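A.B. asks: Below is the structure I would like to discuss, written out as structure tokens.
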Amino acid sequence: MRYVSVLSFVLLAGCSQVSGLTDRLLKPGAPAEEVAGEPLAAPLEVEPVEDVDTGETPVPVATGGGSATTIASLGDPARQGAWMETPLVTAEQAGQVHYKDKGINVTLIPSGGPAGGGSRLSVEAMQALGLPLTELTEVKVLF
């Protein structure tokens, strides 16, 4: 039985999905950044809308007076910043996205989709709002 367990572990060690686990087992004192070879992203801290710091040029608060709800999904994860692609606007502009008691300043980008179509949020915006990255969520947009 012991040999079967060891053999199973050795066979699984070749899989890319468990390579990080085997590295950690072989280097138990190494930090995760050294083991995986890539730095881990630090979690975003959620702050009130007026104090949100995305690390970019500050986005002015929406002043157009418009608001609507839309279904949001994850946008391009390679694109940095706090943004939303949405059919609710026809030109790039500042806005806010709210979910429950949280809100964040974002850049609203026209998606070119139909007026009732959904929107796509950046990873940074979804994390700041506490939204699950794999689900569709209704959010309120101020523009």
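A.B. asks: Report, ordered by the first and then the second residue, all pairs with beta carbons closer than 6 Å, sequence separation of six or more or different chains, a first member in the stretch 98-120 that is closer than 11 Å to residue 139 by Cβ, and a second member that is part of a strand (DSSP E or B) and open to solvent by 60 Å² or more (accessible area, probe 1.4 Å).
C.D. replies: The qualifying pairs are 98/140; 118/71.
A.B. asks: Pick from the stretch 63-86 the residues that are touching a residue at least 60 places away in the same chain (Cβ under 8 Å) and polar (S, T, N, Q): which of them is nearest to residue 105 (Cα to Cα)?
C.D. replies: Here the residue is 67.
A.B. asks: Here's another thing I want to ask about it. Any chance you could count how many residues in the stretch 88-97 are without any contact (Cβ under 8 Å) to a residue 40 or more places away in the chain and either at positive phi or among the β-branched types (Val, Ile, Thr) (or both)?
C.D. replies: 1
A.B. asks: Spot the failing condition for residue 85; the list is (1) in contact with a Lys or Arg (Cβ under 7 Å, 6 or more places away or on another chain); (2) surrounded by fewer than 17 Cβ atoms within 10 Å (Cβ to Cβ), and only one is missed.
C.D. replies: Status for residue 85: all satisfied but (2).
A.B. asks: Is the stretch 89-97 home to any residue that is of a type in the set (Val, Ile, Thr), out of contact with any Phe, Trp or Tyr (no Cβ under 6 Å at 6 or more places or on another chain) and either open to solvent by 70 Å² or more (accessible area, probe 1.4 Å) or at pLDDT below 50 (or both)?
C.D. replies: Within the stretch 89-97, one or more residues are of a type in the set (Val, Ile, Thr), out of contact with any Phe, Trp or Tyr (no Cβ under 6 Å at 6 or more places or on another chain) and either open to solvent by 70 Å² or more (accessible area, probe 1.4 Å) or at pLDDT below 50 (or both).
The values are calculated or read from the model by the stated rules, or taken from the named source; none is laboratory data. Because the structure is predicted, anything quoted here is derived from the model rather than measured. Note that we place each Cβ from the backbone using ideal geometry, even for glycine, and neighbour counts take in every protein chain shown. These accessible areas exclude ligands, DNA and RNA; they are computed on the full protein's heavy atoms, side chains included. Shrake-Rupley method; radii C 1.70, N 1.55, O 1.52, S 1.80 Å.
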